[in-house]
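Please read the structure below before turning to the comments.
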Amino acid sequence: MSLESHRSSAPKALRFAVLTVSDTRDAATDRGGPFLVDGLAAAGHTTTVRAIVKDDAAEITAAVRAALARDDVDLVLTTGGTGIAPRDVTVPTLERLFDAEIPGFGELFRMLSYQEIGSAAMLSRACAGLVAGKVVLALPGSPKALRLALEKLVLPEAGHLAAEAAKRT
C-alpha cells in the first residue's frame, strides 16, 4: 500500500487529548493548550480531554493514562516540559510509558525548528511514542513551536499515525 493510499484511508476527523504540563500555568495564563485546541478545531478535529497537569512524573503519568483509557481519544498531545531545565520531567516520564518510540518525530521537529531558530533547536526534547495502541506526542510549550509542529508534522500525519497505532492493539 502506498503512502498516499495509507493517508487517504486514514480517519479524517480525530479526537485529541491536550495536556498542558506546567508548574506555572493555569487556565488564564496557558497559551500552548488553547493554541493546540484552536488549531485542531480549525483542521476539523475535536478535543475531548483538556487539562493542565503539574510537571510531576506521577501527575503526568496519571493524566496520560487516563486520557489513553478513554474511547473518545485517538491521540494525546502534551505541551510543555520538553526543555532541559531540572523541572522538565515530561520526556523521561513519557519515555517510560512508551511501548515503542517514534524517533522520527523528535528528529524532524528539531530539524524544522533549526531552520527557524538555529542551534537553540537542540534544547528541545520533543518526542513521540505509542502507548496502549495510541500515539502520544510531547510538544514544546511556545505557540511558535506548536505552530511548527501542528502545520508540518501533527496535522499532515495525525490520521495516518492513529490508523497505524490502532493496528498494534
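Can you go through Arg125, Arg87, Arg96 and tell me which one is under 14 Å from the mean Cα position of the chain (by Cα), over 17 Å from Glu157 (Cα atoms) and among the charged types (D, E, K, R)?
Checking each option against the conditions leaves just Arg125.
Quick check on region 50-62: of everything there that is crowded, with 19+ Cβ neighbours inside 10 Å and under 15 Å from Pro92 (Cα atoms), which residue is modelled with the highest pLDDT?
Going through the qualifying residues, I end up with Ile60.
Among the residues of region 84-112, count how many are closer than 27 Å to Asp26 by Cβ, small (Gly, Ala, Ser) and in contact (Cβ under 8 Å) with a residue 12 or more places away in the chain.
0
Against the condition touching a residue at least 40 places away in the same chain (Cβ under 8 Å), at negative phi, crowded, with 20+ Cβ neighbours inside 10 Å and in contact with a Phe, Trp or Tyr (Cβ under 9 Å, 6 or more places away or on another chain), how does Leu75 come out, does it pass?
When the stated conditions are applied, Leu75 passes them.
Take region 99-120 and flag every residue that is over 16 Å from Ala158 (Cα atoms) and crowded, with 18+ Cβ neighbours inside 10 Å.
Passing the criteria: only Ser113.
Out of (1) at pLDDT 95 or above; (2) outside any loop (DSSP other than H, G, I, E, B); (3) farther than 17 Å from Leu139 by Cα, the odd one out for Asp71 is which?
The number of the failed condition is (2).
Considering (1) touching a helix residue (DSSP H, G or I) at 6+ places or on another chain (Cβ under 8 Å); (2) closer than 20 Å to Leu146 by Cα; (3) without any contact (Cβ under 8 Å) to a residue 40 or more places away in the chain, say which one Gly81 fails and leave the rest.
(3)
Considering only region 128-142, I want to know if a residue exists there that is of a type outside the set (D, E, K, R), surrounded by fewer than 21 Cβ atoms within 10 Å (Cβ to Cβ), farther than 18 Å from Leu19 by Cβ and touching a residue at least 40 places away in the same chain (Cβ under 8 Å).
No, region 128-142 contains no residue that is of a type outside the set (D, E, K, R), surrounded by fewer than 21 Cβ atoms within 10 Å (Cβ to Cβ), farther than 18 Å from Leu19 by Cβ and touching a residue at least 40 places away in the same chain (Cβ under 8 Å).
The values are calculated or read from the model by the stated rules, or taken from the named source; none is laboratory data. Just so it is clear, the structure is predicted and the values come from calculations on it, not from any experiment. For neighbour counting, all protein chains shown are included, and Cβ atoms are generated from backbone atoms with ideal geometry for every residue, glycine included.
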